[in-house]
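The values are calculated or read from the model by the stated rules, or taken from the named source; none is laboratory data. Not measured: the values here are computed from a predicted model. Note that each Cβ is placed from the backbone with ideal geometry, even for glycine, and that neighbours are counted across all protein chains shown. With ligands, DNA and RNA removed, areas are computed over all heavy atoms of the protein, side chains included. Shrake-Rupley method; radii C 1.70, N 1.55, O 1.52, S 1.80 Å.
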Amino acid sequence: MRRRTPRQDRGFTLIEVLTVVSIAAIMSIAGASVVSYWQQETQKATNGAQVRFIEQSLKQYVRTYTALPDLSDTTDIGRWLAIYTPPGPANLPNGQPRVLPEGISYQRTSNYRPSEIAYGQVSGQVTLGGTGCDQFDLQNNCLLTITP
């Protein structure tokens, strides 16, 4: 017959359980931070790839309406969405129409001014925030000069 020692009857010690729990917590925190980092990088790459589409759409808008869109004006928003369709759902959670990809902001720096004189037109400028000028650009802003 086998004799039992007091150690076999007790199970795990408190130190052993705390060690395992702390290692699991550290691993889950590290895993969550890595997942968060890669989600942000994916979003930046997606937004950077969208910059070319936005630029082409802005040029088309200027050719059609001879001005850059004011994305706070409902008339310009309707015209803009007829030319450019952002990825994702059509509406934001607050019910407003989505005019740009998530994470990109739009600011019209200077408006385009057409001219009948050759080389007399003034290019419009737009700053896109939250993205670089392409998917490999690490900047957080992109300045686009728009001439149709």
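Selection of first residues in segment 16-45 that are part of a helix (DSSP H, G or I) and of second residues that are open to solvent by 70 Å² or more (accessible area, probe 1.4 Å), restricted to Cβ pairs under 6 Å at least 6 apart or on distinct chains, gives the following pairs, ordered by first then second residue: Ala45/Gln135.
Any idea which residue in segment 61-75 is nearest to Arg98 (Cα to Cα), counting only those that are free of Cβ contacts under 8 Å to residues at least 60 places away in the same chain and assigned to a helix (DSSP H, G or I)? Once the filter is applied, the top-ranked residue is Thr74.
Of Tyr106, Tyr119, Tyr112, which residue is at pLDDT 80 or above and open to solvent by 40 Å² or more (accessible area, probe 1.4 Å)? Quick ask: steps written out before the conclusion?
On the way: Tyr119 fails: at pLDDT 80 or above; Tyr112 fails: open to solvent by 40 Å² or more (accessible area, probe 1.4 Å).
One residue alone meets the criteria, Tyr106.
Among the residues of segment 130-144, is there at least one that is in contact with a Phe, Trp or Tyr (Cβ under 7 Å, 6 or more places away or on another chain) and open to solvent by 40 Å² or more (accessible area, probe 1.4 Å)? The answer is no; no qualifying residue exists.
This table checks each residue for (1) over 20 Å from Leu144 (Cβ atoms); (2) modelled with pLDDT under 85; (3) crowded, with 16+ Cβ neighbours inside 10 Å.
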| position | (1), (2), (3) |
| --- | --- |
| Glu16 | yes, no, no |
| Gln39 | yes, yes, no |
| Pro69 | no, no, yes |
| Ile77 | no, no, yes |
| Ala90 | yes, no, no |
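Of the residues making up segment 42-59, those that are closer than 17 Å to Tyr112 by Cβ and either surrounded by 15 or more Cβ atoms within 10 Å (Cβ to Cβ) or among the aliphatic types (A, V, I, L, M) (or both) are Ile54, Glu55, Ser57, Leu58, Lys59.
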